[in-house]
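Contents: one structure, followed by commentary.
The values are calculated or read from the model by the stated rules, or taken from the named source; none is laboratory data. Quick caveat: nothing in here was measured; it's all calculated off a predicted structure. Virtual Cβ from ideal backbone geometry, glycine too; neighbours counted across all protein chains shown. Remember, those area values only see protein heavy atoms, side chains included, never the ligands or the DNA or RNA. Shrake-Rupley method; radii C 1.70, N 1.55, O 1.52, S 1.80 Å.
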Amino acid sequence: NFSATTDDNNGVIDMRTLKVDGTIALTTNGTGNATVVNDEGLAFAASTVRGALSATATTGNITDSGTLAITGTTTLVTSANEATIALDDTSNAFTGALTITTNDDSGADADVTIDGGTTALVIAESIIDGDLTLIGGHASGITDSGTVTVGGNLSATTDANNGDIDMGTLAVTGTIALTTNDSAGDNTGHATVVNASAIEFATSSVDGNLIATATAGNMTDSG
């Protein structure tokens, strides 16, 4: 396993030629950023980065076995064909936007799962060649701040705090499944999606209002 900590003076972690077989734990303080490129997969142990995180796995997947608390933006890249990203710890906290890139030359298997815990989940411009699964538990819900291209299916769930889903720059090839919750019964838990092509809804449950726009195709359901 590998652990790197900067404990003062806003120091950064910048390690671009790692060959770590075990877990990687990162800690920065102040405004310290962290950049890691591993010649294997990236298995994150519990980490706290108070600046931005840039993480690249060149020949494997990106996973977590502990909570990730990232104050700045997060950039995640898997370089290998069909490599996946699964950051699904329910206590994760991504305060800044996430930019995600996966690759799959042969189909749509380079899947991504992101659980944002109880912080707002913002997806910046990203290209996911497989499925994208998003789970958010903040009142601000799940949003996008750039075109989110998904070669497979999109699933977005706000599982607490009556959060909305507001994704207006989607480019999803597969199905779209939406789940929102309005436990307070105060007309929240809305969902808005705009897709650059057709929209095929998989099974969805929206406790508030649904606004859906297919800009270049039909709108259908398969659930």
- Query: What relative contact order, as a whole-number percentage, does region 1-148 give when Cα pairs under 8 Å and 6 or more residues apart are counted?
  - Reply: 14
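Dipole size in debye (nearest 20) for the chain around its Cα centre, Lys and Arg Cβ +1, Asp and Glu Cβ -1? Write out the running numbers ahead of the final one.
Details: 3 positive and 27 negative charges, 96 e Å.
Roughly 460 debye, rounded to the nearest 20.
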- Surrounding net charge for Arg50, when Lys and Arg each add one and Asp and Glu each subtract one, Cβ distance under 14 Å: -2
- Please work out the C-alpha center-to-center distance from region 144-162 to region 6-68 and express it in whole Å. 24
- Note on the structure: Given all pairs of distinct Cα atoms, the chain yields a Kirkwood Rh in Å of 17.6
- Task: Take the solvent-accessible surface of the protein heavy atoms, probe 1.4 Å, and return the percent of it on the chain that carbon and sulfur atoms account for.
- Result: 45
